[in-house]
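Everything on this sheet refers to the single structure shown next.
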Amino acid sequence: MELVRVVQDSEVIKVLADPVRREILRYLSVEPLTESQLAQRLVLKKSSVAHHLRVLREYGLIKIGKTRVGKYGIQEKFYEPTAVLFIEDWGRIPHDYRRYFLNRYLERVRGMLGVLKLLAERKGKELKVDVELVSKLAHEVAEEMTRVGEEFEGREVSGDREELITSIYAEAFRRVIFSGRWKELQSIFAYL
């Protein structure tokens with residue numbers, strides 16, 4: 001299984017815009033699961049999960065990892081993702097789909113800025129956060145995620161998915177902060 005795949009095909013990006021499919025990929029990145037197990041965890045009907053699995057499989061985002069004969073002689077298919085993490089190429093996301101992805105970046109940037117704000121306060125400094133700062137930073141981090149993700153492509157799986165995501169976001173955030181456009185945020189690191 002690939003560690004990271006940067007998705008550049010706009011049709012595959014549209015498939016990833018669906019929150020249920022992203023949640024299925026998140027569950028499968030932890031362990032292979034059957035359609036029934038996913039339906040139970042997602043609190044969805046099996047028919048709904050079957051539809052999403054079919055779409056994810058059709059676009060090469062998941063595969064059947066193994067099969068086994070289960071209870072009552074029914075063959076169970078265990079699905080797994082073809083990569084631990086899928087990162088959509090920000091420049092290739094159709095504009096009418098960007099809103100589906102931007103919220104995730106906004107929330108993660110808010111979390112990172114929250115930590116920086118706490119660190120600044122511990123050093124007697126103030127970090128002012130406003131809508132414009134969060135929005136610009138989220139867009140820049142989204143663009144940088146593509147470049148950082150490409151550096152992780154082709155690597156083998158090791159460690160936890162959350163560690164991987166955190167490391168990639170941290171590197172993207174670091175590159176954006178130290179790009180020269182964010183002097184106020186850079187200055188906070190000087191106090192650490």
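The values are calculated or read from the model by the stated rules, or taken from the named source; none is laboratory data. Since the structure is predicted, the reported quantities are computational estimates derived from the model, not experimental observations. Reconstructed Cβ throughout: ideal geometry from the backbone, glycine too, with neighbour counts over all protein chains shown.
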Mind checking whether some residue in region 144-153 is surrounded by 11 or more Cβ atoms within 10 Å (Cβ to Cβ), modelled with pLDDT under 90 and among the acidic types (Asp, Glu)? yes
Please name all residue pairs, on different chains or six or more residues apart, with Cβ atoms under 8 Å, provided the first residue is in region 96-112 and is assigned by TED's automatic domain parsing to the domain that holds Leu127 and the second residue is charged (D, E, K, R) and part of a helix (DSSP H, G or I). Tyr97/Lys14
Note on region 1-25: residues touching a residue at least 24 places away in the same chain (Cβ under 8 Å) and either of a type in the set (D, E, K, R) or part of a strand (DSSP E or B) (or both) are Glu2, Leu3, Val4, Arg5, Val6, Val7, Asp9, Glu11, Lys14, Asp18, Arg21
Determine whether region 84-92 contains at least one residue that is surrounded by 16 or more Cβ atoms within 10 Å (Cβ to Cβ), in contact with a Lys or Arg (Cβ under 6 Å, 6 or more places away or on another chain) and modelled with pLDDT under 95. yes
Count of region 1-18 residues which are modelled with pLDDT under 95 and surrounded by fewer than 17 Cβ atoms within 10 Å (Cβ to Cβ): 2
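Can you give me the number of residues within region 34-59 that are part of a helix (DSSP H, G or I) and either polar (S, T, N, Q) or not assigned by TED's automatic domain parsing to the domain that holds Ala17 (or both)? Give the steps one after another, and end with the answer.
Narrowing region 34-59 to residues part of a helix (DSSP H, G or I): 35-42, 46-58.
Narrowing further to those that are either polar (S, T, N, Q) or not assigned by TED's automatic domain parsing to the domain that holds Ala17 (or both): 36-37, 40, 47-48.
Residues flagged as part of a helix (DSSP H, G or I) and either polar (S, T, N, Q) or not assigned by TED's automatic domain parsing to the domain that holds Ala17 (or both) within region 34-59 amount to 5.
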Output the residues belonging to region 20-75 that are within 23 Å of Gln8 (Cα to Cα) and modelled with pLDDT under 95. Ser29
